[in-house]
Amino acid sequence: MSALTLTIEPADALIDVPRRIVVRGARPGAEVRLSTATARAGVTWRAEARFVADAQGTVDPARDAATGGSYEGLSPMGLIWSQVPDVAGRRETFNQPVTEALSTEVEAVSEAARASGRFVQRLAGPGVTRREVREDGLVGTLYLPAGPGPHPAVMILNGSGGGINEPRAALYASHGYAAFALGYFKAPGLSDYISNTPLEYFQRGLQWLRREVRPAHGFVAISGQSRGGELVLLLGATFPEEVSAVVAYVPGAVVHSGQNAADPKIGREGPTWLLGGKPLPHVWENNRTASWKPFDEGPAPHRHERAILTALQDPEAVARARIPVERIQGPVMLLSATDDGSWPSSLYSGMVRDKLAEVGHPHEVRWLDFQDGGHLIVFPYVPTTQMVYAHPVSGMISTSGGNPRDNARADEASWAGVLQFLHDAVAARAQGDA
C-alpha cells in the first residue's frame, strides 16, 4: 500500500470558494477519518467525519458521503460548517481584523497512517483596502476593491447585535463593490442601544458614500440582515432617490419596537426609528394581541418568533406599522428561512413580495426562501452549529432556528443569489444610462 496523501485545492482563496479535499493511498474499504481545526478569534473550532475508501483507496468528501462524525451524508464543505468551538458559547467565527485570513488544518487518519494539509480562507481578496470612517458623524468602515474604479457601491447594515459588519463588506469588496459597513449602535462613539435611531443618519451615510467613491453608474445598493433587513426596506421606501437596489436578509415587513436591542430605560416596546425627530409607528404600539409570554415563558430554547406572531394577529396594528415598500424605486431581493427562530422572515418576505406584485413594481423582485433554515443566513463557508445564544444586548437566551446542514445550504445558495442579483441590477442600471 502506498503512503497516505492529502491534497487540498485551492489551498488559498476567498472564503466563498469551495475546497476539494482528497485522500489517496488508503487500503480499499478502510475507514478514513478526516478532521479540521480552525483558529477563529483566538478559539479553535473543530470537526471530524468518517469515510470509507473506494476501490482505489481514495476518499473525496465532494463525492463520498460521511458515515458519521460531526455530520453525515454528502457535503463537500461539511468539515467547515459542522465545526464547533472548543470554548462553549463562543460564536465569533472571524478574526479581528477581518483582513487576517482563517487558516484550517486538515488531518487524515486511516489505520496506522496519517497525512495532513492546510488551507486558507480570506474575506479580503488581493488589493482590497480597508479604511475606518469617522466623518460627518458617521461610524463605519469602507472597503474598496483593487483597481481605480469606478465601482458600484453597497452600504451594509447590521441587525440587533449592532456593531460594524466588516466581514460582509470585505467580501463584497472582493467581488468588485465599494462596500461601506455603517454602524448605528454598539459601535465607537454611538449609543449602546437601537432605540430612537434617526433615519437621517443613514441618509447621510448614503450621501457620503456617493460623494466619496463616485460609484459606477451612480449605483448604491443597501444590504442588511434581521433588524438591518427591516431597515433597508424602510430606507428604500423613505429615501427612494438615494437607493438603487435593496438586499434584505431575513427582513421584517413592518416596523418593530426596540425589542432585545432596546435601551432598558425605554423598554423593548419603545420606538426604534425616528424620522424628523418623531418615532415611526411600530407593530407593538397599541397592539391588541401582542404578548411577550410565548417568548419569555415558552419552552427552551426560546423562540422570539413566537412573540412576534402574537403581534401579527392584530391587522390594524400591522397596517399602521407596515413598511410602504411600494415606494422603493429599484430592484429588491428577499432572503428568508422557514424555521426562523427570531421572527417569521418567510411570512414577512411574502408580505413584501405580495405588496410589490399588487402595485406592479416596475423593477425585479427576487425571493429565496430556505426550507428548514434559520435566521442566521451569512455566506459560505462558515460554521453553522451555534444556534442557541445570548443576545448581545439584552442577554436573553434564544435560538435562531434551523439546523446546521440546512443553515449551511442557505449560506451557500443565498450568497450566489445575491451576487447574481447585484450583477444584474448593476447591468440594468448601466443599460439605462446607455
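Out of all Cα-Cα pairs in region 135-294, roughly what percent, to the nearest whole number, are more than 28 Å apart? Tail of P(r) above 28 Å: 19 percent of Cα pairs. When F370, F219 are compared by accessible surface with a 1.4 Å probe, the order from highest to lowest is F370, F219. Using the Cβ of R327 as centre and a radius below 11 Å, the other residues enclosed give a net charge of -1, where K and R count +1 and D and E count -1. Note on region 221-379: Cα convex hull, mean projected area over all directions, 9.7 nm². Below 11 angstrom from the Cβ of Q96, what's the summed charge of the other residues (Lys, Arg +1; Asp, Glu -1)? Surrounding charge for Q96 is -2. Taking amide H atoms as placed 1.01 Å from N in the peptide plane, the amide H of G163 lies under 5 Å from those of Y184, F185, K186, A187, each 5 or more residues away in sequence or on another chain. Computed from the Cα positions only, the extents of region 5-122 along the three principal axes stand at 45, 28, 24 Å, in decreasing order. Put simply, region 352-430 fits an ellipsoid with semi-axes of 29, 16, 12 Å; these come from the alpha carbon gyration tensor as the roots of five times its eigenvalues, largest first. Positive contributions from Lys and Arg (+1) and negative ones from Asp and Glu (-1), summed over other residues with Cβ under 14 Å from the Cβ of P281, come out at -2.
Candidates A65, S226, P198 compared by Cα position along the dipole of the chain: farthest toward the positive end lies P198, with charges placed on Cβ. Dipole magnitude for the chain: about 480 debye, using +1 per Lys or Arg Cβ and -1 per Asp or Glu Cβ, origin at the Cα centre. The accessible area of W343, taken with all protein chains in place and a 1.4 Å probe, comes to roughly 10 Å². Only Lys, Arg, Asp and Glu carry charge here, each on its Cβ (+1 for the first two, -1 for the last two); on that basis region 5-122 has a dipole of about 80 debye about its Cα centre.
When each full DSSP H helix of the chain is screened for a Cα extent of at least 24 Å along its own axis and an average Kyte-Doolittle hydropathy of at least -1.0, the helices passing are 404-433. Principal axis extents of the Cα atoms in the chain, from largest to smallest and rounded to whole angstrom, are 75, 55, 42. One way to sum up the overall shape of region 154-247 is the equivalent ellipsoid from its Cα gyration tensor, whose semi-axes run 20, 15, 12 Å, largest first.
Packing around the peptides 345-355, 30-40, taken as the average count of other Cβ atoms within 10 Å per residue, puts them in this order, highest first: 345-355, 30-40.
The values are calculated or read from the model by the stated rules, or taken from the named source; none is laboratory data. This one's a predicted model, so the numbers in the text were calculated from it and none came from an experiment. All Cβ positions, glycine included, derive from the backbone under ideal geometry; neighbour counts span all protein chains shown. Just the protein is used for accessible areas: all its heavy atoms, side chains included, with ligands, DNA and RNA removed. Shrake-Rupley method; radii C 1.70, N 1.55, O 1.52, S 1.80 Å.
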